[in-house]
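Asks: Got a structure here, written out as structure tokens. Questions coming.
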Amino acid sequence: MRLNSDRSLGSPQFYRFSHWLDISIVACCLVFVLSGYGYAATEPEMTDLRALSGALPIGQSSGVAAPAAALSISASSLAFGNVTVGSTATLPITVTSTGTAPLTINSAAIRGLGFRASGAAFPLTLNPQQSATLQVRAAALRIGAMTGTLTVRSNSSANPTITISLTSTGVARGNPQMRVSPNSLNFGKVIVGSTATLPVTVASTGTAPLTISSATIGNTEFAVSGTTFPITLNPKQMMTLSITFASAEVSTIRDTLIISSNAVRHSRTAIRLASTGVAQPTPQLTVSASSLSFGNVTVGSSATLPVTLTSTGSAPLTIKSRSIHGTGFAVSGATFPITLNPSQAVTLHVTFAPKAAKAATGTLMIGSNATRHSAIAVSLISQGVAPQLTVSATSLSFGTVNDGSSAMLPLTLTSTGTASLTINSAQISGTGFTVSGATFPVTLIPPLGITLQVQFSPTAGIPALGTVTISSTDPTNPSTVVGLSGTGQYVVNLRWDAPVDSPDPVARYDIYRSTGNSSSYELLNSIPNNQTTYVDTSVQPGTTYNYYVTSVDRSGAQSGPSNTVTVPIPQGLNSASVRVPIK
């Protein structure tokens, strides 16, 4: 490789080789990095020294970056906004050394009408992480927009020259203005001996400071507080005054609050004041009813009526207590004590639940702090009523009823109470018993009633027992039981055919019967010749009977016996029916 240079030894020389070749020569030592093939010498480029790829200071290894100075500025522009002509505005800007080597700020130059910078002397050296703050001032020398620049020059490797734009607008000197809200105050009614306070807001709405010199009221019953005068408010500032009215008598008072200031317009602003002194308020209680009548209420149920308590005075009403007297009466609806403001109300609910069918009376007592009638009594009246069921019989006896037939007895149910009676059902029990005559449930108004038909149809020759259970709304006897009894009679039904070939007409038939295995028959009965059936009602359960029949003519001649039939009557057997041929 060949180097050509006419530069003197000892000064850093820079060569840029074609296709990635950089060489740095310092003193008599050569440190170089070759990359590529050919080269060509170039002029020095100091600002790009740290950016050259692979260039290393003497004494450093290839793995550590060289220290470098870097500059950071807190803002890229400063806007001062509106500045009154003849005045100034100041904004800060901070410069910080953010590199790894000391930063030297050589200068901070300002261009532009009315702009100046202060706060540091240059050149200024900042070690890494050190900072300095400059104060930039804008002086409004004329009306209109003004622009400028602040140029900072340093040894920062990346940005040695930084320019910050400056803007400001000169505006004419402002005028003080005042806005007061509201423009009138009405304190309403104020009790004599008490006070009321309302606010008044004063705002500086001009472009110059507002000086309020005083706030005065003529009448001694009004007073102003909240600040001391004079007081100055900058534009957009505000303050609040407190206006107090102390009522001394029962009358209407009017006055004016005068606020004096340096406002260009309306330097004296008037606010109208009004209030009325009123006498000490009193609490009063009004009850919606002096008595409550519940009418007829059925025992076991209840009825409820409302009573409303209203605060009708001019002061809060405190209802201290409520109490109720009388059997069956109760009250609910509020917890006491309770305070009601004027026109407020509370509703109580009075309930009557009678325990017996009789007249009832009671009293609701209300205690309060009402000026008049601090204790009020509400009378309570009601009549307890109850349905009652009367049954025509406590038991029904049907006696003896032959098997295969039936007997019927009436049972009357009557409403005999003081309220309507509802009969829900009539349930019957017992073999052979049935009931008819009504569909349930049925409601009966006193003194109406209904009649049931109870029937006994025995199916055995033994005594039968049963009940009719009547369910109703009778509070005393909601379930009434009527006993049923009857006896079924066992019978043997005999039937035979009349002789068709007898030369003599039949005058009668004789029925003979024997018991068990006995061959001794006894005449049971004789019946006319026009009957060919007979019912033996004298049989007993558990006994066997034998029967035959003979026919007898007019002369008394008797035929031979018919065939014999045997009828055993076991326990609980229904009626027996046999056919007996007559020979």
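The values are calculated or read from the model by the stated rules, or taken from the named source; none is laboratory data. Just so it is clear, the model here is predicted, and its values are computed rather than measured. Neighbour counts run over all protein chains shown; Cβ positions are idealised from the backbone, glycine included.
Asks: Here are the criteria: (1) touching a residue at least 60 places away in the same chain (Cβ under 8 Å); (2) surrounded by fewer than 18 Cβ atoms within 10 Å (Cβ to Cβ). Tell me which single one T232 does not satisfy.
Replies: Tallying (1) touching a residue at least 60 places away in the same chain (Cβ under 8 Å); (2) surrounded by fewer than 18 Cβ atoms within 10 Å (Cβ to Cβ), T232 fails exactly one: (1).
Asks: Here's another thing I want to ask about it. Which one of V378, V385 is buried (at least 19 other Cβ atoms within 10 Å of the Cβ), β-branched (V, I, T), closer than 30 Å to T439 by Cα and within 56 Å of the chain's Cα centre (by Cα)?
Replies: On the way: V378 fails: closer than 30 Å to T439 by Cα.
Selected residue: V385, the only one of V378, V385 that is buried (at least 19 other Cβ atoms within 10 Å of the Cβ), β-branched (V, I, T), closer than 30 Å to T439 by Cα and within 56 Å of the chain's Cα centre (by Cα).
Asks: What strands (runs of 3 or more DSSP E) completely inside the range 289-347 contain at least 1 residues that are touching a His at 6+ places or on another chain (Cβ under 6 Å) and not charged (D, E, K, R)? Give the derivation first.
Replies: Values: elements: 291-298, 303-311, 317-325, 329-332, 338-340.
Fully inside the range 289-347 and qualifying: 303-311, 329-332.
Asks: Which members of the range 470-528 meet the condition of being of a type in the set (V, I, T), over 30 Å from P354 (Cα atoms) and in contact with a Pro (Cβ under 7 Å, 6 or more places away or on another chain)? Steps first, please.
Replies: First pass over the range 470-528, keeping only residues of a type in the set (V, I, T): 470, 473, 476, 480-482, 487, 491-492, 500, 506, 511, 515, 527.
Next, only the ones that are over 30 Å from P354 (Cα atoms) stay: 487, 491-492, 500, 506, 511, 515, 527.
Answer for the range 470-528, where residues must be of a type in the set (V, I, T), over 30 Å from P354 (Cα atoms) and in contact with a Pro (Cβ under 7 Å, 6 or more places away or on another chain): T487, V506.
Asks: Test of understanding: among S520, S551, S555, S502, which residue is more than 29 Å from V401 (Cβ to Cβ), at pLDDT 90 or above and loosely packed, with under 13 Cβ neighbours inside 10 Å? Working first, answer last.
Replies: Values: S551 fails: loosely packed, with under 13 Cβ neighbours inside 10 Å; S555 fails: at pLDDT 90 or above; S502 fails: at pLDDT 90 or above.
It is S520.
Asks: Here's a check for you: in the range 364-375, which residue that is in a strand (DSSP E or B) and within 37 Å of the chain's Cα centre (by Cα) is nearest to T418 (Cα to Cα)? Give the derivation first.
Replies: Of all residues in the range 364-375, those in a strand (DSSP E or B) come to 364-368, 375.
Among the residues that remain, those that are also within 37 Å of the chain's Cα centre (by Cα) are: 364-368.
On the way: L364: 27, M365: 31, I366: 34, G367: 37, S368: 40 Å.
Only one residue tops the list, namely L364.
Asks: Could I ask something else about it? Scan S165, S131 and give me the residue that is over 60 Å from the mean Cα position of the chain (by Cα), in contact (Cβ under 8 Å) with a residue 60 or more places away in the chain and not assigned by TED's automatic domain parsing to the domain that holds I253. Don't jump to the end; show me each part of the working.
Replies: Details: S131 fails: in contact (Cβ under 8 Å) with a residue 60 or more places away in the chain.
After applying the criteria, what remains is S165.
Asks: Anything in the range 302-332 that is small (G, A, S) and loosely packed, with under 15 Cβ neighbours inside 10 Å? List them, or say none. Can you show your working first?
Replies: Initially, the range 302-332 is screened for residues small (G, A, S), giving 302-303, 311, 313-315, 321, 323, 326, 328, 330, 332.
Residues satisfying the conditions are S302, S321, S323, A330, S332.
Asks: From (1) more than 46 Å from the chain's Cα centre (by Cα); (2) modelled with pLDDT of 95 or more, pick out the condition that doesn't hold for T201.
Replies: With respect to (1) more than 46 Å from the chain's Cα centre (by Cα); (2) modelled with pLDDT of 95 or more, T201 is out only on (1).
Asks: Oh, and also: What is the residue count in the range 146-177 for residues that are at pLDDT below 95, among the hydrophobic types (A, V, I, L, M, F, W, C) and part of a strand (DSSP E or B)?
Replies: Residues that pass the stated criteria total 2.
Asks: In the list T98, T90, T125, which residue meets the criterion of being among the hydroxyl-bearing types (S, T, Y) and under 21 Å from A172 (Cβ atoms)? Even if it seems obvious, please write down each step before you answer.
Replies: Numbers: T98 fails: under 21 Å from A172 (Cβ atoms); T125 fails: under 21 Å from A172 (Cβ atoms).
Only one candidate passes the filter, namely T90.
Asks: Do any residues in the range 85-105 that are surrounded by fewer than 17 Cβ atoms within 10 Å (Cβ to Cβ) have Cβ atoms under 7 Å from those of residues that are polar (S, T, N, Q) and in a loop (DSSP other than H, G, I, E, B), where the two are at least six apart or on different chains, and which pairs are they?
Replies: Cβ pairs passing all conditions: T94/S74; P102/N127.
Asks: For the range 530-549, which positions are within 22 Å of G488 (Cα to Cα) and in a loop (DSSP other than H, G, I, E, B)?
Replies: T537, S538, V539, Q540, P541, G542
Asks: Does V190 fit the bill of being modelled with pLDDT under 95, farther than 30 Å from A121 by Cβ and buried (at least 16 other Cβ atoms within 10 Å of the Cβ)? Talk me through it step by step, then tell me what you get.
Replies: Working: modelled with pLDDT under 95: yes; farther than 30 Å from A121 by Cβ: yes; buried (at least 16 other Cβ atoms within 10 Å of the Cβ): yes.
Judged against the criteria, V190 is a match.
Asks: Take the residues of the range 427-442 that are surrounded by 14 or more Cβ atoms within 10 Å (Cβ to Cβ) and more than 26 Å from D403 (Cα to Cα): which is farthest from the chain's Cα centre (by Cα)?
Replies: Filtering the range 427-442 for residues that are surrounded by 14 or more Cβ atoms within 10 Å (Cβ to Cβ) and more than 26 Å from D403 (Cα to Cα), the one farthest from the chain's Cα centre (by Cα) comes out as A438.
Yes/no per residue for (1) buried (at least 18 other Cβ atoms within 10 Å of the Cβ); (2) without any contact (Cβ under 8 Å) to a residue 24 or more places away in the chain; (3) touching a helix residue (DSSP H, G or I) at 6+ places or on another chain (Cβ under 8 Å):
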| site | (1), (2), (3) |
| --- | --- |
| T228 | no, yes, no |
| Q237 | no, no, no |
| T240 | no, no, no |
| Q284 | yes, no, no |
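Asks: Right, next: Take the conditions closer than 30 Å to V391 by Cβ and either buried (at least 18 other Cβ atoms within 10 Å of the Cβ) or not polar (S, T, N, Q) (or both) and apply them to G486. Does it pass?
Replies: On the way: closer than 30 Å to V391 by Cβ: yes; either buried (at least 18 other Cβ atoms within 10 Å of the Cβ) or not polar (S, T, N, Q) (or both): yes.
Yes.
Asks: Determine if the range 250-270 includes at least one residue that is touching a Phe, Trp or Tyr at 6+ places or on another chain (Cβ under 7 Å), in contact (Cβ under 8 Å) with a residue 40 or more places away in the chain, part of a strand (DSSP E or B) and surrounded by 14 or more Cβ atoms within 10 Å (Cβ to Cβ).
Replies: No - not one qualifying residue is present in the range 250-270.
This table checks each residue for (1) touching a Phe, Trp or Tyr at 6+ places or on another chain (Cβ under 6 Å); (2) of a type in the set (S, T, Y); (3) closer than 16 Å to W496 by Cβ.
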{"residue": "R513", "(1), (2), (3)": "yes, no, yes"}
{"residue": "N530", "(1), (2), (3)": "no, no, yes"}
{"residue": "V535", "(1), (2), (3)": "no, no, yes"}
{"residue": "V539", "(1), (2), (3)": "yes, no, no"}
{"residue": "T544", "(1), (2), (3)": "no, yes, no"}
{"residue": "V549", "(1), (2), (3)": "yes, no, yes"}
{"residue": "V552", "(1), (2), (3)": "no, no, yes"}
{"residue": "Q558", "(1), (2), (3)": "no, no, yes"}
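Asks: Let me ask something else about it. Would you call L465 of a type outside the set (K, R), touching a Gly at 6+ places or on another chain (Cβ under 7 Å) and exposed (fewer than 14 other Cβ atoms within 10 Å of the Cβ)? Please lay out each step first, then the result.
Replies: Details: of a type outside the set (K, R): yes; touching a Gly at 6+ places or on another chain (Cβ under 7 Å): yes; exposed (fewer than 14 other Cβ atoms within 10 Å of the Cβ): yes.
When the stated conditions are applied, L465 passes them.
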